[in-house]
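Trainee: Quick one: the structure is below, questions incoming.
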Amino acid sequence: AGALRAKLPALGLPAPFILLHARLGDSAAAARQLAEQAGPEGLDAVMLGLSGQRARAAAAALATALPARPRFMGPATWAAEPGLGTEPALADAWFPGPDPGVRAQFDSRYQSTFGERPPRLAGIAYDAAALASRSVRDGRNTPPVGEALLGADGPIRLTPEGLAQRGLAIFALDPAGGEPRLIQPAPVPGAPAS
């Protein structure tokens, strides 16, 4: 919530309306409360920080309570829930995720080396080791700040503030319940229009 409040105005976009609710609270009731506070003009887009049945309930409640269906967006965890798009309100909802082609290459190399599929965190460890290796290899003994690198999950760039920016692809939930559909490949962080 804090990051959205800071980032959107910096991009020239209106400040977001944010509704926080209890983690295990009634997501449909929270969605109806959001719709009431949105007013008669409704909402353009809604970022749901929910998964599974809770996301389905919130999206259905919002789609019913608002004058027009907003663009629903969700977290990267939606990639592990291919049936989520069968909820009519969530059909074609967007969510970010790692570049599937790059991740498949990493998974293949890991499996051929270790004989098993990598755990999800293996990609982060790989990226950290690759960044350290590049720092030493280039003789700088400092991290490659500002340079885009190809990590286990796609493009990554270290910022001067010490943060890692990742280029994530955008996917849409399949209304037929199949695999999510890639709608925009992962951009290189820091590149124009990223």
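The values are calculated or read from the model by the stated rules, or taken from the named source; none is laboratory data. All values reported here derive from a predicted model rather than from experimental measurement. For neighbour counting, all protein chains shown are included, and Cβ atoms are generated from backbone atoms with ideal geometry for every residue, glycine included. We work out accessible area using only protein heavy atoms, side chains counted, and drop any ligands, DNA or RNA first. Shrake-Rupley method; radii C 1.70, N 1.55, O 1.52, S 1.80 Å.
Trainee: Kindly provide the set of residues from segment 7-36 that are open to solvent by 70 Å² or more (accessible area, probe 1.4 Å), assigned to a helix (DSSP H, G or I) and more than 18 Å from A89 (Cβ to Cβ), ordered by number.
Mentor: K7, A10
Trainee: Let me ask something else about it. Taking segment 122-150 as the search range and keeping residues that are under 20 Å from P96 (Cβ atoms) and in contact (Cβ under 8 Å) with a residue 40 or more places away in the chain, which one is least open to solvent (accessible area, probe 1.4 Å)? Don't jump to the end; show me each part of the working.
Mentor: The first filter runs over segment 122-150 and keeps only residues under 20 Å from P96 (Cβ atoms), leaving 122-124, 126-127, 148-150.
Applying the additional criterion that residues be in contact (Cβ under 8 Å) with a residue 40 or more places away in the chain yields 148, 150.
Working: A148: 51, L150: 116 Å².
For segment 122-150, the residue satisfying everything is A148.
Trainee: Which of the residues belonging to segment 84-102 are within 13 Å of G151 (Cα to Cα) and either open to solvent by 30 Å² or more (accessible area, probe 1.4 Å) or under 15 Å from the mean Cα position of the chain (by Cα) (or both)?
Mentor: If the condition is that a residue be within 13 Å of G151 (Cα to Cα) and either open to solvent by 30 Å² or more (accessible area, probe 1.4 Å) or under 15 Å from the mean Cα position of the chain (by Cα) (or both), then P98, D99, P100, G101 are the ones that fit.
Trainee: Here's a check for you: in segment 159-177, which residue that is under 14 Å from E147 (Cα atoms) and within 11 Å of the chain's Cα centre (by Cα) is surrounded by the most Cβ atoms within 10 Å (Cβ to Cβ)? It would help to see each step written out before you state the result.
Mentor: Taking segment 159-177 first, the residues under 14 Å from E147 (Cα atoms) are 159-167.
Adding the requirement that they be within 11 Å of the chain's Cα centre (by Cα) leaves 166-167.
Values: R166: 17, G167: 24.
Looking at residues that are under 14 Å from E147 (Cα atoms) and within 11 Å of the chain's Cα centre (by Cα), I get G167.
Trainee: Can you spot a residue in segment 113-121 that is crowded, with 17+ Cβ neighbours inside 10 Å, within 19 Å of the chain's Cα centre (by Cα) and under 30 Å from L11 (Cβ atoms)?
Mentor: Going through segment 113-121, the residues crowded, with 17+ Cβ neighbours inside 10 Å turn out to be 118.
Remaining after also requiring within 19 Å of the chain's Cα centre (by Cα): none.
No, that holds for no residue.
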